[in-house]
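To start, the structure under review is shown below, and the notes come after it.
The values are calculated or read from the model by the stated rules, or taken from the named source; none is laboratory data. Keep in mind that what you see is a predicted model, and the values were worked out from it rather than measured. Neighbour counts are summed over all protein chains in view; Cβ atoms, including those assigned to glycine, are modelled from backbone coordinates with ideal geometry. Calculation scope for accessible area: heavy atoms of the full protein, side chains included, ligands and nucleic acids excluded. Shrake-Rupley method; radii C 1.70, N 1.55, O 1.52, S 1.80 Å.
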Amino acid sequence: MKHPLRIVCACLLLGSSPATWGVNGRILPVEPMAEPTELGLAYNFDILVQNDEKTALTLDHVRVEFLDAQGGLLLRKEISGNGSSPNLLMIPNRKLEPGEERLYFNPFPRVPGRAHVARITARLEFSTPVEDAPPRTLELSAAVSTRAAPAVAMPISGRMFVWDGHDELGHHRRWDYSIPFLRQLGFSSNGMRYSYDFVLVDERNEMSKADPKSNEDWLAFGNPVRAVESGTVVKVVSTHPDDGSFDAQQSLQDINALLGNYVVIDHGDGVFSAYAHLRQDSARVRAGDAVRRGQPIAAVGNSGSSNFPHLHFQLMDGPDMHGEGVPALFRDFERAPGASRVKVKRGPVDTGEVLIVR
């Protein structure tokens, strides 16, 4: 379910007229959601910038503010060129050529859980190659979503490792849909923003036999995949081989093509679950089927854009990758740090964790 536009964009045109230059931008998604994490809340939004000037611009400074409902400042953080190894260097591709569009990931997603955020602002400063020219400043603002992250069941059972979630360095989080190639394939959002790669591991936390040579050498391959909540199946693909490959051009016909074999379930209220890289011909459901929580729907495979057999799982606000990701909480599992066990009735998970799911 798409949310109404609530973006305020003020492009401060300093030292020149709007007719000769400009820098424009948007905060995406339109209403960033708060993801509960063990370290507080996370706001994983992007800043999409367009250089409408006739000269190149270089990003020199980023400031992000989190505000309460009255506009009061809760938290302000900045990235700049200050210091002997400035934190600004953490942002790649800071130079924008004329007419170029660039996506910058929010460098400050973490906010204390006590903060009641209502609005986010972002201020970006750009320099030009013109000597003594004033900086170009872009100011953006977005209201945050009031939707809460839904709690769902785990999609597979056993001793499970979160191989890659969506933390700041996770490849799902770092999906740059401003890249021209991805634009050409139809991507304009990040449906994987809050996704997970789940694998099964043994007691030594190994994902496969030593020197795996086939899909069957991986512990997860063929393991049942379960619906995380009751709902209606809306999309099923089950014919791709388990060879870890796909033709990117297929995305022009099906934006979900990189998922290989997949099942998408509509849970209502604008929440859809997607189960990807499934085993060929393992789907037990068809589009239109009603499913219940915990019902087996397919098996873990190695189809599509997959490095090895695993389950890619995500929640999103639409039936395909044209939508945006939705954060999730999970019910009834155990964390397994070292030799200890911590029962969790309802909580978040992310990259690097070992879990026990009954």
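Here are the numbers for the structure shown:
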item: Counted residues, region 187-220 - those being open to solvent by 30 Å² or more (accessible area, probe 1.4 Å) and assigned to a loop (DSSP other than H, G, I, E, B); result: 14
item: Residue in region 270-284 that is more than 17 Å from PHE198 (Cβ to Cβ), crowded, with 21+ Cβ neighbours inside 10 Å, out of contact with any Gly (no Cβ under 9 Å at 6 or more places or on another chain) and of a type in the set (A, V, I, L, M) present; result: yes
item: Residues of region 251-264 classified as of a type outside the set (Asp, Glu) and over 14 Å from SER303 (Cα atoms), total; result: 5
item: Residue that is farthest from GLU324 (Cα to Cα) [pool: residues in region 33-71 that are open to solvent by less than 20 Å² (accessible area, probe 1.4 Å) and β-branched (Val, Ile, Thr)]; result: VAL62
item: Residues that are crowded, with 19+ Cβ neighbours inside 10 Å and either touching a Cys at 6+ places or on another chain (Cβ under 7 Å) or touching a residue at least 60 places away in the same chain (Cβ under 8 Å) (or both), drawn from region 232-250; result: VAL233, SER238, HIS240, ASP242
item: Test result for ASN190, touching a residue at least 40 places away in the same chain (Cβ under 8 Å) and farther than 26 Å from GLN295 by Cβ; result: yes
item: Among the candidates HIS312, HIS322, residue that is in contact (Cβ under 8 Å) with a residue 12 or more places away in the chain and open to solvent by 50 Å² or more (accessible area, probe 1.4 Å); result: HIS322
